[in-house]
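To keep things clear, I will list the structure first and then write my remarks on it.
The values are calculated or read from the model by the stated rules, or taken from the named source; none is laboratory data. It should be emphasised that the depicted structure is a prediction, and the values quoted were computed from it without experimental measurement. Ideal geometry is used to build each Cβ from the backbone, glycine not excepted, and the neighbour counts take in all protein chains shown.
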Amino acid sequence: MDIRIEASRRRPRSLHIAAREQVARPPAEVFAFLTERVPEVYGALAPGHEQFAVEGGGPVRPHAHIDCHERAGNQEVRHRYVVEAYEPARHLYYASRPTEARIHLKRRTIESRSDTHVYYDLREHFGTTELTLTIVIQLPHRLQMLLALASGSQALWQAHARDELAVLRRMIEESRTH
């Protein structure tokens, strides 16, 4: 499925990743799950999810700091997110500046940095929620962008995001309502 990424979210030298699911729950319940339950179920959302810890504990909240570690394929990343937009039942945005990455090759490990922007957009649709996840990984140099595309990084993280969102949808639909 081709998902159009808003122009305001496009950044130069960036991988743009998007996934969408229709969730059989209203937006308020989906948003509550994203902010209250994701910290506790993060490890079950996708293989390679290691940590999603809100500083000070508790739910995701405005201006919260989140320490997040994940792996996909030969890559591991550590995000230090800050919640920058929090609009209940509509929108959640957090950014990591920088994200630290390690790419494990046969004979060496490459260390890299990027800025990672994560957007969750929720739209009500006849009592259900259209949930869109957009991830923008902004790389510091054009060469890194070209290497990321040539090495399959975009496809790797696109598949990871799509699978993660599908599991998230199932978890939300199977959870008890508030």
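Scanning region 127-164 for residues that are at pLDDT 95 or above and under 16 Å from GLU29 (Cβ atoms) turns up THR128, THR129, GLU130, LEU131.
The set of residues from region 42-60 being part of a loop (DSSP other than H, G, I, E, B) and within 16 Å of the chain's Cα centre (by Cα) comprises ALA46, PRO47, GLY48, VAL60.
One residue stands out among those in region 117-126 that are assigned to a strand (DSSP E or B) and farther than 12 Å from ALA18 by Cα: the one that is modelled with the lowest pLDDT, which is HIS125. In region 63-73, the qualifying residues are those that are buried (at least 16 other Cβ atoms within 10 Å of the Cβ) and in contact with a strand residue (DSSP E or B) (Cβ under 6 Å, 6 or more places away or on another chain), and the one that is farthest from THR116 (Cα to Cα) is ALA64. With respect to the stated conditions, VAL83 is touching a Phe, Trp or Tyr at 6+ places or on another chain (Cβ under 9 Å) and crowded, with 19+ Cβ neighbours inside 10 Å.
Among what's in region 1-41 and is outside any loop (DSSP other than H, G, I, E, B) and without any contact (Cβ under 8 Å) to a residue 12 or more places away in the chain, pick the residue that is nearest to the chain's Cα centre (by Cα). Restricting to residues being outside any loop (DSSP other than H, G, I, E, B) and without any contact (Cβ under 8 Å) to a residue 12 or more places away in the chain, the top hit is GLU40.
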